[in-house]
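Here is the structure we will look at.
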Amino acid sequence: MPTARGRLVYDPRVIVDGVEHFDPWWTVLECAPSLLDPHRAVVEARHGVRLTRPRWGAHLSVVSGEAPLVPERWGWRRGEEIEFLYVEEAETDGVFFWLRVLSEELLDIRAALGLVRQPRSPLHLTLGRRKGK
């Protein structure tokens with residue numbers, strides 16, 4: 001399995017079409033945009049679809065709108081680079097396409113915040129959402 005790195009960001013914000021988007025209690029690992037491009041191209045060619053890019057760019061969600069039970073740890077390790085493993089074969093539910101991610105270190109961060117180790121949606125890199133029908 002290949003490895004990649006990302007930077008830990010708490011409370012990510014992004015501006016899309018002049019509008020700032022923010023959701024409370026989110027933590028993401030921001031990755032290089034070039035990480036997903038070849039995988040997105042394979043999915044589009046193999047499945048004959050076009051994919052929208054994720055709102056926060058190349059990232060994986062560590063905390064997805066879950067208030068921590070240990071709020072004083074919110075921001076712990078902010079800005080650090082963390083390495084992870086990922087599976088190159090894309091998965092889909094028919095609408096979204098993603099790559100599965102493995103990282104005990106990211107699960108440890110969830111646990112340190114007082115959250116269950118395994119998030120509702122397993123760790124993954126979203127390649128995109130299918131455009132149109």
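The values are calculated or read from the model by the stated rules, or taken from the named source; none is laboratory data. This is a predicted model, so every value here is computed, not measured. Here the Cβ is made from the backbone with ideal geometry for all residues, glycine too, and neighbour counts use every protein chain on show.
Only one of ILE82, ILE109 is surrounded by 15 or more Cβ atoms within 10 Å (Cβ to Cβ) and part of a helix (DSSP H, G or I); which? Talk me through it step by step, then tell me what you get.
Working: ILE82 fails: part of a helix (DSSP H, G or I).
The unique qualifying residue is ILE109.
Can you tell me which residue among VAL42, VAL14 is within 20 Å of ARG129 (Cα to Cα) and either assigned to a helix (DSSP H, G or I) or at pLDDT 95 or above (or both)?
Exactly one of VAL42, VAL14 is within 20 Å of ARG129 (Cα to Cα) and either assigned to a helix (DSSP H, G or I) or at pLDDT 95 or above (or both), namely VAL42.
Can you tell which of GLU89, GLU66 is surrounded by 16 or more Cβ atoms within 10 Å (Cβ to Cβ), out of contact with any His (no Cβ under 8 Å at 6 or more places or on another chain) and part of a loop (DSSP other than H, G, I, E, B)? Quick ask: steps written out before the conclusion?
Values: GLU89 fails: surrounded by 16 or more Cβ atoms within 10 Å (Cβ to Cβ).
Only one candidate passes the filter, namely GLU66.
Tell me which of these GLU72 doesn't satisfy, since it passes every other one: (1) touching a helix residue (DSSP H, G or I) at 6+ places or on another chain (Cβ under 7 Å); (2) surrounded by fewer than 15 Cβ atoms within 10 Å (Cβ to Cβ).
Among (1) touching a helix residue (DSSP H, G or I) at 6+ places or on another chain (Cβ under 7 Å); (2) surrounded by fewer than 15 Cβ atoms within 10 Å (Cβ to Cβ), GLU72 violates only (1).
Tell me, please, whether a residue that is surrounded by 12 or more Cβ atoms within 10 Å (Cβ to Cβ) and without any contact (Cβ under 8 Å) to a residue 12 or more places away in the chain can be found in the stretch 18-40.
Checked the stretch 18-40: at least one residue is surrounded by 12 or more Cβ atoms within 10 Å (Cβ to Cβ) and without any contact (Cβ under 8 Å) to a residue 12 or more places away in the chain.
Is it the case that LEU125 is closer than 18 Å to ARG7 by Cβ and surrounded by 12 or more Cβ atoms within 10 Å (Cβ to Cβ)? Outline the logic, then answer.
Numbers: closer than 18 Å to ARG7 by Cβ: yes; surrounded by 12 or more Cβ atoms within 10 Å (Cβ to Cβ): yes.
Yes.
Based on what the data block shows, is GLY48 on the phi > 0 side of the Ramachandran plot and exposed (fewer than 14 other Cβ atoms within 10 Å of the Cβ)?
Working: on the phi > 0 side of the Ramachandran plot: yes; exposed (fewer than 14 other Cβ atoms within 10 Å of the Cβ): yes.
Answer is yes for this residue.
Please work out if VAL43 is farther than 22 Å from PRO119 by Cβ, in contact (Cβ under 8 Å) with a residue 40 or more places away in the chain and buried (at least 19 other Cβ atoms within 10 Å of the Cβ). Before you say what the answer is, go through the steps one by one.
Working: farther than 22 Å from PRO119 by Cβ: yes; in contact (Cβ under 8 Å) with a residue 40 or more places away in the chain: yes; buried (at least 19 other Cβ atoms within 10 Å of the Cβ): yes.
Yes; evaluated as a whole, the condition is true for this residue.
Taking THR52 as meeting all but one of (1) at pLDDT 95 or above; (2) in contact with a strand residue (DSSP E or B) (Cβ under 7 Å, 6 or more places away or on another chain); (3) more than 20 Å from LEU102 (Cβ to Cβ), write down the number of the exception.
For THR52, the failing item is (1).
Identify all residues within the stretch 60-94 that are under 14 Å from THR27 (Cβ atoms), modelled with pLDDT of 95 or more and polar (S, T, N, Q); write none if there are none.
Listed by number, the list is empty, since nothing qualifies.
What are the pairs, 6+ residues apart or on separate chains, where a residue within the stretch 95-117 that is closer than 17 Å to CYS31 by Cα has its Cβ under 6 Å from a residue that is of a type in the set (Asp, Glu) and part of a strand (DSSP E or B)?
If the second residue must be of a type in the set (Asp, Glu) and part of a strand (DSSP E or B), the pairs left are TRP98/GLU91.
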